[in-house]
Amino acid sequence: MTMRRAGFPLWQQIADTIAQEIRDRIYGPGDRLPTELELAERFGVNRHTVRRAVASLQDFGLLRIEQGRGTFVQEDIVDYPLSRRTRFSEIIRRQAKTPSGELLRSATIPADAAIAEALAIRVGAPVALIETVGKADGQPISLAAHHFPLERFPDLFAAYEEARKITPMFERLGVADYVRKTTRVTARMPDTHEMRHLHLARMTPVLFVEAINVDGEGRPIEYGVTRFSSSRVQIVVDTLPE
């Protein structure tokens, strides 16, 4: 299929065709497009022309390129509100999506200066690290490193093994409720670890969220560092009291 439309570059014609096929649901949200070579053969052009067409559709938010996996039609953006009670599973369910998670690692580490300050513990104190990937409808949207003071919660790993989620884990540890004390949001380019687990292209920024959760007495119980895919999540700040 050779494309020739007077006055329009070939890459633009290819981009327009793919965009129309997305609108017609020939390719639905989350679908993977044919490979660059397959598209080049289909349209009778070289791979550089296809690459430019795909890049333009990525810039418009119709496609996303995942390193080592291919090119996919972009799904709906997830609104992620930040409030006094920020709970991943509840947020995802409210948007008619299914939450799930993957445990990457759990380990005991010594608190560095940043962790010690956030948790109000001494530098070098034992900290439980739990790193997870959060998913919405099976699509990875967050990569989180949760830090907890082990001297206060010596049975934390056993509680997490039973609960597999943070809120029910705290309930097993005697913390009936907890709230967000502070949240700091920045943005930067992803590192290789984030690219691999969030399926990100090298030039897709991550939203970097640092948060401290406290118990009913105001004592820090968790310091979290979460990286969100900026192509799948937008942060919403909830300013109304709960």
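Ordered by the number of other Cβ atoms lying within 10 Å of each residue's own Cβ, fewest first, MET169, MET195, MET203 fall into the sequence MET203, MET195, MET169.
Between THR98 and HIS48, the C-beta separation translates, for a Förster distance of 41 Å, into a calculated FRET efficiency of about 0.55.
Considering only GLY224, PRO81, LEU200, and ranking their Cα positions along the charge dipole of the chain that arises from unit charges at the beta-carbon of Lys, Arg, Asp and Glu, the one farthest toward the positive end is LEU200. As a calculated quantity, the FRET efficiency between GLU36 and PHE60 at R0 = 22 Å, using C-beta atoms, amounts to about 0.75.
With respect to the chain, whose longest principal axis is taken over its alpha-carbon atoms, helix 10-23 is tilted by about 60°. Per-residue ellipticity at 222 nm, computed for the chain from helices alone with -39500 (n - 2.57) per DSSP H run of at least four residues, works out to -8000 deg cm²/dmol.
Centre-to-centre separation between the Cα atoms of region 113-150 and those of region 214-235: 9 Å.
Each Lys and Arg contributes +1 and each Asp and Glu -1, all at the Cβ; summed about the Cα centre of region 10-73, the dipole is approximately 100 debye.
Restricting the GluC sites (Glu not before Pro) of region 1-95 to loop positions (DSSP other than H, G, I, E, B) with no more than 11 neighbouring Cβ atoms within 10 Å leaves nothing. Using 0.36 nm per residue and subtracting the Cα-Cα separation, the extra length available between GLU90 and ARG180 on full extension is 30.9 nm.
3J(HN,Hα) couplings calculated from phi for region 166-172 with the Karplus curve 6.51 cos²θ - 1.76 cosθ + 1.60 (θ = phi - 60°) are, in sequence order, 5, 4, x, 4, 4, 4, 5 Hz; Gly and Pro show x. Pair-distance distribution P(r) for region 95-199, from all Cα-Cα distances in 5 Å bins starting at 0: 2, 11, 18, 20, 23, 16, 8, 2, 0 percent. With all projection directions averaged, the alpha carbon convex hull of region 21-109 covers 9.2 nm². Its Cα centre serving as origin, the chain has a Cβ charge dipole (Lys and Arg +1, Asp and Glu -1) of approximately 620 debye.
Every number in this text was worked out from the coordinates using simple rules, so none of it is lab data. What you see is a predicted model; the values in this text were computed from it and never measured. A quick note on method: Cβ atoms are made from the backbone with ideal geometry, for glycine too, and the neighbour counts reach across all protein chains shown.
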